[in-house]
Amino acid sequence: MGLYLIAGVVVLAGVIAVVLAGTANEQGPSSPALDYSGIPAAWQNRNALGDPDAPVTVQAWEDFRCPACAAFNQRVKPGLVENYVASGQVKLEFHHFPLQQHEPGASLAAQASECAADQGQFWVYHDRVFEVTASGPSAFLMERLIDYAAELGLDEESFTSCLTSQTHLITISESLQQARTAGHNSTPTVLVDGVRVDNPLDYEAVSAAIDERLSTGQ
């Protein structure tokens, strides 16, 4: 009887550990949030980050529900911001490319990010949403997207009005059409001065493409 009791306790402990691990994963990556305070306000223009006259432009075509895009933002973007954007060498542009298989959450999150951009908070909101990508569709319900805005100190009433009225639906639709017209077929699609990087999840690959452009004196 005692052995059965011990076995039961071990199994229960294992179940609790799994549940706790799952909860921790839903909270997103443990890495600290990227600090944009060192980027001049004039260099933060909605979904564009960096000197408007930077010699190199990096475009990232992304879907907020795309796991690979979340990986790009955790592994690659911080280095780009620290090593290239902050120094004025690169302008980083985010472009909406919500995929059909991730709807309706992908487009709703895209609209939410534009509502955050209305308050000058696109990039911090962008980062917050990518933290919950792995949590699945439930993390992209309208009320959750509004919660993230409130967490970040945005004007909740204004944000909610923007999102519920679909103020930026046309913007997202136009960006999606631009992606299709350009022939993009996966996310993230990362371009360095218009040239696609084959392995966008490899920081060294993206960095090498940037360095090559900088070396030409662009």
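Table for the structure above
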item	result
Close pairs (6 angstrom Cβ cut-off, 6 or more residues apart or separate chains): at positive phi in the range 191-216, surrounded by 16 or more Cβ atoms within 10 Å (Cβ to Cβ) and hydrophobic (A, V, I, L, M, F, W, C) anywhere	Asp193/Val56
Pair list, Cβ under 8 Å, 6 or more apart: the range 33-52 residue without any contact (Cβ under 8 Å) to a residue 60 or more places away in the chain and farther than 17 Å from Ala116 by Cβ, other residue exposed (fewer than 12 other Cβ atoms within 10 Å of the Cβ) and small (Gly, Ala, Ser)	Pro52/Ala42
Selection status of Gly28, touching a helix residue (DSSP H, G or I) at 6+ places or on another chain (Cβ under 7 Å) and at pLDDT 95 or above	no
Elements of type helices (runs of 4 or more DSSP H) contained in the range 89-189, each with 2 or more residues being over 17 Å from the mean Cα position of the chain (by Cα) and without any contact (Cβ under 8 Å) to a residue 40 or more places away in the chain	142-151, 156-164, 169-182
Where Cys69 falls short, out of the listed (1) in contact with a Ser or Thr (Cβ under 6 Å, 6 or more places away or on another chain); (2) modelled with pLDDT of 50 or more; (3) surrounded by fewer than 19 Cβ atoms within 10 Å (Cβ to Cβ)	(3)
Filter result for the condition that a residue is in contact with a strand residue (DSSP E or B) (Cβ under 6 Å, 6 or more places away or on another chain) and charged (D, E, K, R), over Arg213, Arg128	Arg213
Qualifying position, being among the acidic types (Asp, Glu) and farther than 25 Å from Pro52 by Cβ, among Glu212, Glu174, Glu204	Glu204
Search result, residues across the range 191-218 that are assigned to a loop (DSSP other than H, G, I, E, B) and loosely packed, with under 15 Cβ neighbours inside 10 Å	Gly194, Asp198, Asn199, Asp202, Thr216, Gly217, Gln218
Where Arg196 falls short, out of the listed (1) closer than 24 Å to Pro78 by Cβ; (2) touching a helix residue (DSSP H, G or I) at 6+ places or on another chain (Cβ under 7 Å)	(2)
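Let's see how each residue does on (1) out of contact with any Cys (no Cβ under 6 Å at 6 or more places or on another chain); (2) β-branched (Val, Ile, Thr); (3) surrounded by fewer than 16 Cβ atoms within 10 Å (Cβ to Cβ):
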residue: Tyr148; (1), (2), (3): yes, no, no
residue: Phe159; (1), (2), (3): no, no, no
residue: Ser173; (1), (2), (3): yes, no, yes
residue: Thr189; (1), (2), (3): yes, yes, no
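The values are calculated or read from the model by the stated rules, or taken from the named source; none is laboratory data. The structure displayed is predicted, hence computed values, not measured ones. FYI the Cβ positions are ideal-geometry reconstructions off the backbone, even for glycines, and counts take in every protein chain you see.
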